[in-house]
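Undergrad: Sharing a structure, written as structure tokens. Questions coming.
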Amino acid sequence: MKRLAILGASGHGKVLADMAELLGWQDVIFFDDAKPWIEKAGRWRVEGGTSELIATIQAYNGAIVAIGDNLVRLDKQRLLAESGGALISLVHPQASVSRYASIGAGSVVMAGAVINVDAHVGKGCIINTGATVDHDCELGDGVHLSPGVHLAGGVKVGRESWVGIGASVKQLVSIGDGVVVGAGAAVVQNLPDRCTALGVPARIV
Ligand SMILES: CC(C)(COP(=O)(O)OP(=O)(O)OC[C@H]1O[C@@H](n2cnc3c(N)ncnc32)[C@H](O)[C@@H]1OP(=O)(O)O)[C@@H](O)C(=O)NCCC(=O)NCCS
């Protein structure tokens with residue numbers, strides 16, 4: 001039986017569990033540091049916290065982190081990898097990923113997402129429902145593209161950046177590390193590291 005451990009009993013975690021079952025994982029078990037206060041993530045049981053997962057990691061054929069905070073997700077992912085966990089990535093069967101694109105370990109690509117030719121997605125990224133990543137885009141580790149984000153060709157998104165729901169980024173624009181792009185923004189110019197940009201066209205606030 002294929003057993004998958006998901007760290008993070010969140011709504012996002014439930015989406016991953018549902019997707020994992022579609023992809024043939026037969027036994028999906030959650031871990032969350034809020035155990036014992038949280039016993040379940042929807043219909044899936046929560047077995048323990050991070051330390052329990054690390055202690056039993058060899059019992060799982062795969063492990064993935066389902067934590068929305070980009071920094072925490074990467075940190076937990078590093079911990080699991082150092083503990084010998086088999087970090088997997090999950091790509092929804094109804095996502096379209098070019099055979100010439102790459103997706104790093106621990107990343108997830110949700111239903112309706114499109115990743116086009118020569119795009120590279122780092123480790124521990126979330127390419128959320130219906131997001132599109134056009135040709136030649138480069139995403140660093142721990143990036144989150146929220147639902148319905150559109151990146152035109154050749155866009156760069158630095159590590160740990162979060163692009164809010166429905167935002168669009170013009171071709172060849174470079175977004176720095178640790179940036180927050182607000183929901184619905186239209187990014188038409190490069191953004192430096194660790195800023196927040198909102199609006200149409202997006203302005204740094
Ligand atoms: C940008 C963002 C992170 C700011 O969150 P926040 O710090 O809690 O900000 P607040 O809600 O307190 O809003 C602060 C101000 O910014 C404005 N603002 C917030 N988000 C905005 C946006 N996306 N575009 C334009 N203005 C925005 C608010 O109207 C408010 O303005 P005011 O001070 O004139 O009243 C958040 O609004 C956002 O867009 N998050 C993305 C959500 C998302 O993608 N969810 C899906 C996850 S899968």
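The values are calculated or read from the model by the stated rules, or taken from the named source; none is laboratory data. Please read these numbers as outputs of a predicted model, since none were measured by experiment. Cβ: placed from backbone, ideal geometry, glycine included. Neighbour counts: every protein chain shown. Side chains included, ligands, DNA and RNA excluded: accessible areas come from the protein's heavy atoms. Shrake-Rupley method; radii C 1.70, N 1.55, O 1.52, S 1.80 Å.
Undergrad: With angles folded into 0 to 90 degrees, how steeply does helix 11-22 sit against the dominant principal axis of the chain? Use alpha carbons for both and round to 10.
TA: Roughly 70 degrees, rounded to the nearest 10.
Undergrad: Let me ask something additional. Calculated FRET efficiency, LEU79 and VAL200, Cβ-Cβ r, R0 35 Å, to nearest 0.05? Write out the running numbers ahead of the final one.
TA: On the way: r = 39 Å, r/R0 = 1.12.
E between LEU79 and VAL200, to the nearest 0.05, is 0.35.
Undergrad: Note the full-extension length gain between TRP37 and SER98 as 0.36 nm times their separation in residues minus their Cα-Cα distance, in nm to one decimal.
TA: Working: separation 61, 0.36 × 61 = 21.96 nm, distance 4.17 nm.
Gain in length upon complete extension: 17.8 nm.
Undergrad: Separate question: Among ASP75, ASP177, ASP134, which one moves the most in a GNM of the chain with springs linking Cα atoms closer than 10 Å?
TA: Result: ASP75 has the largest fluctuation of those listed.
Undergrad: Once you've got the GNM for the chain with C-alpha springs shorter than 10 Å, pick whichever of ILE115, ILE64, ILE54 has the biggest mean-square fluctuation.
TA: The residue that fluctuates most here is ILE54.
Undergrad: Okay, moving on. Given the Cα-Cα distance of MET1 and GLN171 and 0.36 nm per residue of separation, how much length would full extension add, in nm?
TA: Working: separation 170, 0.36 × 170 = 61.20 nm, distance 4.44 nm.
Full-extension gain reported as 56.8 nm.
Undergrad: Excluding ligands, DNA and RNA, what is the solvent-accessible area per residue of the stretch 107-205 at a probe of 1.4 Å, expressed in Å²?
TA: Numbers: 3840 Å² over 99 residues.
So the stretch 107-205 comes to 39 Å² accessible per residue, rounded to a whole number.
Undergrad: Let me ask something else. Compute a Gaussian network model of the chain, connecting alpha carbons closer than 10 Å, and tell me which residue from ALA59, ALA167, ALA131 fluctuates the most.
TA: ALA59
Undergrad: Going by Cα centres, the stretch 172-205 and the stretch 62-92 are how many Å apart?
TA: 26
Undergrad: Longer than 26 Å from Cα to Cα, which of LYS35/LYS76; LYS35/LYS156; LYS2/LYS76; LYS76/LYS156; LYS14/LYS170 are they? Say none if no pair is.
TA: Working: LYS35/LYS76 16 Å; LYS35/LYS156 38 Å; LYS2/LYS76 22 Å; LYS76/LYS156 24 Å; LYS14/LYS170 32 Å.
From LYS35/LYS76; LYS35/LYS156; LYS2/LYS76; LYS76/LYS156; LYS14/LYS170, over 26 Å: LYS35/LYS156; LYS14/LYS170.
Undergrad: Can you list the trypsin sites (Lys or Arg not before Pro) in the stretch 103-205 that are in a DSSP coil and have 15 or fewer other beta carbons within 10 angstrom? Walk me through the intermediate numbers first.
TA: On the way: sites: LYS123, LYS156, ARG159, LYS170, ARG194, ARG203; in loops: LYS123, ARG159, LYS170, ARG194.
Answer in residue order: ARG194.
Undergrad: Over the chain, with every protein chain in place, what whole percent of the accessible area is carbon and sulfur at 1.4 Å, could you tell me?
TA: Answer for the chain is 54 percent, counting heavy atoms of protein chains only.
Undergrad: Given the stretch 3-88, what percent of its DSSP beta bridges are antiparallel, to the nearest 5?
TA: Details: 2 of 14 bridges.
Expressed as a percentage, antiparallel bridges in the stretch 3-88 total about 15.
Undergrad: So, one more: For the chain, what does -39500 (n - 2.57) per DSSP helix run (n ≥ 4), summed and divided by total residues, give at 222 nm, in deg cm²/dmol to the nearest 500? Before the final figure, lay out the partial values.
TA: Working: 3 runs with 32 residues, N = 205.
When only DSSP H runs of four or more count, the value is -4500 deg cm²/dmol.
Undergrad: Just to confirm the filter: which trypsin sites (Lys or Arg not before Pro) across the stretch 1-50 are DSSP coil and have at most 10 other Cβ within 10 angstrom of their Cβ? It would help to have the intermediate numbers written out before the result.
TA: Details: sites: LYS2, ARG3, LYS14, LYS40, ARG43, ARG45; in loops: LYS2, ARG43.
Those that pass, being in a loop and sparsely packed, are ARG43.
Undergrad: Got a sec? What order do TYR60, TYR100 fall in by accessible area at 1.4 Å, biggest, i.e. largest, first?
TA: Details: TYR60 20, TYR100 130 Å².
Listed by decreasing accessible area, they come as TYR100, TYR60.
Undergrad: Taking R0 as 45 Å, what's the FRET efficiency between ALA59 and ASP193 from their Cβ-Cβ distance, rounded to 0.05?
TA: Working: r = 40 Å, r/R0 = 0.89.
That pair, ALA59 with ASP193, gives E of 0.65.
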